[in-house]
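Below is one structure, written out as structure tokens; the observations come after it.
Readers should treat all values here as calculations from the given coordinates under stated rules, not as data from a laboratory. Because the structure is a prediction, the values reported are computed rather than measured. Every residue, glycine as well, gets a Cβ built from its backbone with ideal geometry; the counts of neighbours run over all protein chains shown.
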Amino acid sequence: MGLEIEVSSDRVTVCQSTYTKNILQKLGMNECKPVGLPMVQGNLTERSNVSKKVNFPYRETIGALMYLMLGSRPNLAYVIGLLSRNLESPTDDDVLRVKFVFRFLSAGVKKLCFKANFKPGVLEAFSDAGFGGCVQTGKSTTGVVST
């Protein structure tokens, strides 16, 4: 399944480094220049009106990124949600945005770490929201994590 799980006495660590390397290699992005963020501010909200057919496995690539996001990279959820809006008719701009995510992935292996500091009876929750982030619709995006 591509998950690499390490278990120790106080934590469980999950990553998908081999899976990520395979995706990068499959798309010819294994030697791309790394970046520190999965997207540039504002580069996903505005879409060009050009809708010519692109020769790129866009839908399959988004699916591969979703699998990676669900397994070990929840930090990709927002950008993949935005990129998924254009599955039916991706443009060249959409492909460039996906490749930018791959440049982010090429920056290095990230591990998801679950520590054993569970406190019975204590609920921890974290949330974030982008108020009115979509330029066209003015809709907000919200995310919540609870432990």
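So, counting K/R as plus one and D/E as minus one, what does the shell of residues with Cβ under 14 Å around V12 add up to?
Here the charged neighbours net out to 0.
Once the other residues with Cβ under 14 Å from the Cβ of N117 are scored (Lys, Arg +1; Asp, Glu -1), what is the net sum?
Cβ neighbours under 14 Å give a net charge of +1.
According to the square roots a ≥ b ≥ c of the eigenvalues of the Cα gyration tensor, what is the shape class of segment 4-120, taking rounded for a/c under 1.5, prolate for a/b larger than b/c otherwise, and oblate for the remainder?
Values: a/c = 2.47, a/b = 1.95, b/c = 1.27.
Prolate.
With θ set to phi - 60° and the Karplus curve 6.51 cos²θ - 1.76 cosθ + 1.60, what are the ³J(HN,Hα) couplings of segment 109-116 in order, to the nearest whole Hz, using x for Gly and Pro?
Ordered by residue, 3J(HN,Hα) equals 6, 10, 10, 9, 10, 10, 8, 8 Hz.
When the Karplus curve 6.51 cos²θ - 1.76 cosθ + 1.60 is applied with θ = phi - 60°, which whole-Hz ³J(HN,Hα) does each residue of segment 15-21 get, with x for Gly and Pro?
8, 9, 5, 5, 4, 4, 4
Using each residue's phi in segment 74-90, evaluate 6.51 cos²θ - 1.76 cosθ + 1.60 at θ = phi - 60° and report the 3J(HN,Hα) Karplus result to the nearest Hz, with x for Gly and Pro.
After applying 6.51 cos²θ - 1.76 cosθ + 1.60, I find x, 5, 8, 4, 5, 5, 5, x, 5, 5, 6, 5, 10, 5, 6, 9, x Hz.
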